[in-house]
1. If you take the residues in region 126-138 that are surrounded by 14 or more Cβ atoms within 10 Å (Cβ to Cβ) and part of a loop (DSSP other than H, G, I, E, B), which one is farthest from the ligand (Cβ to nearest atom)?
2. Specify which of the listed residues (D93, D141, D117, D123) is more than 14 Å from the ligand (Cβ to nearest atom) and not β-branched (V, I, T).
3. Step by step: first the residues of region 244-271, then only those that are of a type in the set (D, E) and part of a helix (DSSP H, G or I), then the one that is farthest from Y187 (Cα to Cα). Which residue is that?
4. Do we find a residue being more than 26 Å from Y15 (Cα to Cα), crowded, with 16+ Cβ neighbours inside 10 Å and at pLDDT 95 or above anywhere in region 259-280?
5. (1) under 20 Å from the mean Cα position of the chain (by Cα); (2) surrounded by 15 or more Cβ atoms within 10 Å (Cβ to Cβ); (3) modelled with pLDDT of 95 or more: which one isn't true of L142, the others all being true?
6. Residues of region 67-120 being touching a Lys or Arg at 6+ places or on another chain (Cβ under 8 Å) and part of a strand (DSSP E or B), which ones?
7. Could you identify the single residue in A78, A74, A29, A12 that is among the small types (G, A, S) and under 15 Å from the mean Cα position of the chain (by Cα)?
8. I need the full set of residues from region 15-26 which are surrounded by fewer than 17 Cβ atoms within 10 Å (Cβ to Cβ), within 14 Å of the chain's Cα centre (by Cα) and not acidic (D, E), in order please.
Amino acid sequence: MEENNFDIDWLAERYPFDVEARNKTIEQAAVDYLKTDEPVTIVDVGAGTGSNCLYFLDKLQQDQSWIFIEKDKALAPALINRLTEYASFHKYDWSLKDGVYEMLTPFKKVSFKIISDNFSKIDQLVDLSEIDLVVANAVFDLLSKVQISQFLDQLTQNKVACLFTLHYTGMRFVPEDPFDQAYIDLYDSHMMRQQSFGQALGKMAAAHLVQTFETANYNLQTGDSAWNILQDDIKMHYYLLNFMESALSELSYTEELKAYFPKWLKRKKELIITRQQGLEVMHLDLFACHSTS
Ligand SMILES: C[S@@+](CC[C@H](N)C(=O)[O-])C[C@H]1O[C@@H](n2cnc3c(N)ncnc32)[C@H](O)[C@@H]1O
């Protein structure tokens, strides 16, 4: 499978789990913040194939302008396909003019623009004074502290409200195996390995976001958003186990744990195919708006 197809399939697979997991109190705080009858402009950073927008389109009653910032250009056709399918399913008018897509429903007008770029320089890509909300779903775990700080500085200086969801904080297999924690710890450490841009924050990203918003005099609300992966969710289980397997293959760790890993993996796969494996993947959602806005 090509890497891009892999990404598109993975983002589609995780979508219903994200929908279920999203913290509805945090989400409502963001919806309430956007005044109901005024048009809103929302930027989705690390937009992938447009999951945030698809999720919020119906939840927001007003006219909306969505700006997607996604560095992986190959995801743009899949994003457009998903939105086109949504429009066609609902029999909404759909048009493209000067690089901006527009969807007309009987109740509202929604426009979409894709910026295929890195969001690290967001203030050069969009006029932040015109933005009502920045959203990001499952984006910050793989960034370094410096990258997150530099990005957030641009938002906080402009007092932009942020809804950032699904930050990984840990996982727990059900039933538990005595070796689970050791391999989960290794998986987490792989996320936080040194890379060309520095050390990604992995499961510490959420804490750094929280701290930064607090320091910037923002009102902050946080809440859990765990995936509850059930015994029948075979494909999701395999995705996550495969992620763990390839992460651990790139790590050096003790000979004892290395020798035992194939047995652990086999036992997990047996539990999955006999539909006995559950898995909770913990995340944190946050909504932050400047205390004076
Ligand atoms: C796990 S995916 C989540 C995609 C989408 N938000 C969703 O919920 O399905 C993370 C996305 O962030 C994008 N991304 C990560 N860092 C980025 C950056 N600095 N600039 C733009 N996109 C970035 C990746 O290319 C990837 O598509």
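The values are calculated or read from the model by the stated rules, or taken from the named source; none is laboratory data. The structure displayed is predicted, hence computed values, not measured ones. Note: ideal-geometry Cβ built from the backbone for every residue, glycine included; neighbour counts use all protein chains shown.
1. Out of the qualifying residues, it is D132.
2. D93
3. E270
4. So far as region 259-280 goes, yes, one or more of its residues are more than 26 Å from Y15 (Cα to Cα), crowded, with 16+ Cβ neighbours inside 10 Å and at pLDDT 95 or above.
5. (3)
6. Within region 67-120, I67, F68, V100, Y101, E102, M103 qualify.
7. A12 is the lone residue from the list that is among the small types (G, A, S) and under 15 Å from the mean Cα position of the chain (by Cα).
8. Scanning region 15-26 gives P16, V19.
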